[in-house]
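Novice: Submitted below is the structure of interest, expressed as structure tokens.
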Amino acid sequence: MVEESNLFWFGLVLWLGGTAFFLSLLGGNKNTPSSAATSSAAPPDSSPLPPLALDCTYRFDEILSDRLKQAKIFTWNQFQRKGGLTPLHLKQLRQGHLDKLSFGELKRVATLLNWSLEELFQTYGITFPSLGQAFQEVAKLHEQGQQLYNEKVTLEMDLSTAQTSLAIVRQDLATSQERVELLETELERREQHWQTTVEDANNQVIQLQQQCRRLRAEVQQQRDQLTLEFQQETFALLQTLLMNFPTATVMAEVKPNLPARNVVALFGPLKSLLEQWDYQPIGEAWGQVFFDPQLHQADSPDIREGELVYVRFVGYRDGEQILCPAKVSRSLPRA
């Protein structure tokens, strides 16, 4: 209850203060040279101006003329004298520029027109915040102040936490510096050890390179030896064929009608060589098989898989590896 009462009086004081501040702004021209000249001039009645009709020339003339007729004032000159206005201020009042008049002048005009000061402002479209609005603004300010206070408390707590964290970080930093020094010492020791190790490794690399060159020479020597042995073994298996083949060639030229069976006997060493290498034939010469594109090579592109064909030339395989496919055809050559 005490806080609500204080809030009420604080809002009331704020509203009154705002109103007074606005009125003081309106009266800012009170000390201008024109106002001073007016205050130092003779009384209004001492220098009468020519009478003016209440003609409507400016924006607020119609409203003012109605109030002036109710107040028994029938000329603008009479209104100027009774209101204590200068011709310029009268013109500004008729145009709606209340901010050009002083507070005293506005008060005299309102009294002369039988208006309150607030009614005069409302007539000219100048409104002031109500007391309820002032309370709402005060409540908003109070809420903002509470938020700022909460933020302050939060910031203070964060600052305290940050200071504690900073102390911990400083302690960790000191520990880290000690650890860095230990690591640097260990690094120097390991660098020396690594230098020694690298030198030993370089010596070992040199030795391994020498061994590698020696092993390469030995491998090349063994390869040459194996090639020589392979050639000798193959020659031993094919010796009969190699010896008889030139003679068979000459005989074929001299005797074109020589039976083929006499030449077939020369190829016995080839059969022995295939058996020694464990190469298996694919199909039998002039035998019928079902076409398999994995094992056979057709002499025509239109032969389909599974079609019955003849083996014209056998192929060979080494286990699952196809060394050369058998060549097949739909028909056999004519004898």
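Novice: In what sequence, largest accessible area first, do W286, W115, W277 appear using a 1.4 Å probe?
Specialist: Numbers: W286 135, W115 40, W277 95 Å².
Ranking W286, W115, W277 by accessible area, largest first, yields W286, W277, W115.
Novice: In addition: Where in region 85-124 does the amide nitrogen come within less than 19 Å of the point 7 Å from the Cα of C56, taken along Cα to Cβ?
Specialist: Inside the label zone: 91-97, 123-124.
Novice: Also: Compute the length gained on full extension between Q171 and V314: take 0.36 nm times their separation in residues and subtract their Cα-Cα distance, giving the result in nm to one decimal.
Specialist: Values: separation 143, 0.36 × 143 = 51.48 nm, distance 8.81 nm.
Going from the current span to full extension adds 42.7 nm.
Novice: Roughly what would the spin-label model give for W115 and Q209, points 7 Å off Cα along C-beta, in nm?
Specialist: The modelled label-to-label distance comes out at 11.1 nm.
Novice: Estimate the FRET efficiency between L295 and F230 by the formula 1/(1 + (r/R0)^6), using the beta-carbon distance for r and 30 Å for R0, to the nearest 0.05. Please list the in-between numbers first.
Specialist: On the way: r = 29 Å, r/R0 = 0.95.
Given R0 = 30 Å and the Cβ-Cβ separation, E is 0.60.
Novice: Pull out the extension gain between E307 and R108, defined as 0.36 nm times the separation in residues minus the alpha carbon to alpha carbon distance; nm, one decimal.
Specialist: Value of the extension gain: 58.9 nm.
Novice: Oh, and also: Rounded to the nearest 0.05, what FRET efficiency do L187 and A162 give with R0 = 51 Å and r taken as the Cβ-Cβ distance? Could you check? Walk me through the numbers before you get to the answer.
Specialist: Details: r = 34 Å, r/R0 = 0.67.
That gives a FRET efficiency of 0.90.
Novice: Mind checking which of Q136, Y124, T196 is farthest towards the positive end of region 122-228's charge dipole, using Cβ charges of +1 (Lys, Arg) and -1 (Asp, Glu) about the Cα centre?
Specialist: Going by the Cα projections, it comes out as T196.
Novice: With the cut-off at 1.5 for a/c, could you classify region 271-335 from its C-alpha gyration tensor as rounded, prolate or oblate? Please report the intermediate quantities before stating the final value.
Specialist: On the way: a/c = 2.81, a/b = 1.59, b/c = 1.76.
Judged from the Cα gyration tensor, region 271-335 comes out oblate (a/c at least 1.5, b/c at or above a/b).
Novice: Would you list which lysines come within 22 Å of K140, measuring only between C-alpha atoms, while excluding same-chain residues fewer than 8 positions from it?
Specialist: K152
Novice: Using a basic spin-label model with each label point 7 Å from the Cα along Cα→Cβ, how many nm lie between Y149 and K91?
Specialist: Those two pseudo-labels are separated by 5.6 nm.
Novice: Identify all lysines with a Cα-Cα distance to K327 below 28 Å; exclude those on the same chain that are fewer than 8 residues away in sequence.
Specialist: Leaving aside lysines fewer than 8 places away in the same chain, those within reach of K327 are K271.
Novice: Continuing with the same structure: Using a 1.4 Å probe on the protein heavy atoms only, what accessible surface does F313 show? Give it in Å² to the nearest 10.
Specialist: Roll a 1.4 Å probe over it and F313 shows about 130 Å².
The values are calculated or read from the model by the stated rules, or taken from the named source; none is laboratory data. Keep in mind that what you see is a predicted model, and the values were worked out from it rather than measured. As a convention, Cβ positions derive from the backbone with ideal geometry for all residues, glycine included, and neighbour counts pool all protein chains shown. Each accessible area value is taken on the protein alone, full model and side chains, heavy atoms only, with ligands, DNA and RNA left out. Shrake-Rupley method; radii C 1.70, N 1.55, O 1.52, S 1.80 Å.
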